[in-house]
Amino acid sequence: MGIFENAAAVEKLGLYLALFGSIAEAVLFIWDKLHRKNRKTEDNDPSGEPDFDILKYPADKLAKPYVPRLVTAKGTAGFFIAAGFVCMILGGSGIPFPAVILIAMFLGISCEVAVSNLQYSSRIKSDPDVIFVPNLSGINGKVSVAIPADVTGEGKVRLVYKGAVTEIKALSADEVVLDPGTDVTVLHAWKDDEVMVKKI
């Protein structure tokens, strides 16, 4: 197969990838908007006041460890878009087909990792409702699920932070079991979704 036929094939592949990724991104964007709208409606009582029932507190308001967007549906769609454009740009450059595919994959992944970092950092800084676990240090709360004395055992604590009640996994720094209702204070973030607590 000649270079021009290869170039046409690569450019066509790039076009298909970019179109597929764009359609997927659009569908996911609309789905996310509808989901957020429905959740917002459910999280308000008939009077219109926010309801901070612990069982309804949105889990996505608890900032999890940084996860590259590529492992999500949106990230995969974004990868197809980036890789598709790279294929279209390099299709007529004379670079062998396998090399174009490898470059497209590398740049597609790089773009998505960069987008992931920007979105994660922006969300932590701009969303006033997001609970970034390391910021919970020094907050007082109560044990909701008994925490074993051994640091390998998990329980849960309820904390009031930013005007809302949230429940998070916890480990105990004490050498005794912390029963439900025990007053505790958060010493530090044990993980990005777990805290180390001590009895007050």
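For the stretch 76-103, the candidate set comprises residues that are modelled with pLDDT under 85 and of a type in the set (A, V, I, L, M, F, W, C); within that set, the residue that is nearest to the chain's Cα centre (by Cα) is Phe97. Within the stretch 140-147, not a single residue is charged (D, E, K, R), modelled with pLDDT under 90 and touching a strand residue (DSSP E or B) at 6+ places or on another chain (Cβ under 9 Å). Residue count for the stretch 166-191 satisfying the condition of being touching a residue at least 40 places away in the same chain (Cβ under 8 Å), under 19 Å from Val133 (Cβ atoms) and either of a type in the set (Phe, Trp, Tyr) or surrounded by 14 or more Cβ atoms within 10 Å (Cβ to Cβ) (or both): 8.
The values are calculated or read from the model by the stated rules, or taken from the named source; none is laboratory data. Computed from a predicted model, the values in this text were never measured in an experiment. Positions of Cβ are backbone-derived with ideal geometry, glycine not excepted, and every protein chain shown enters the neighbour counts.
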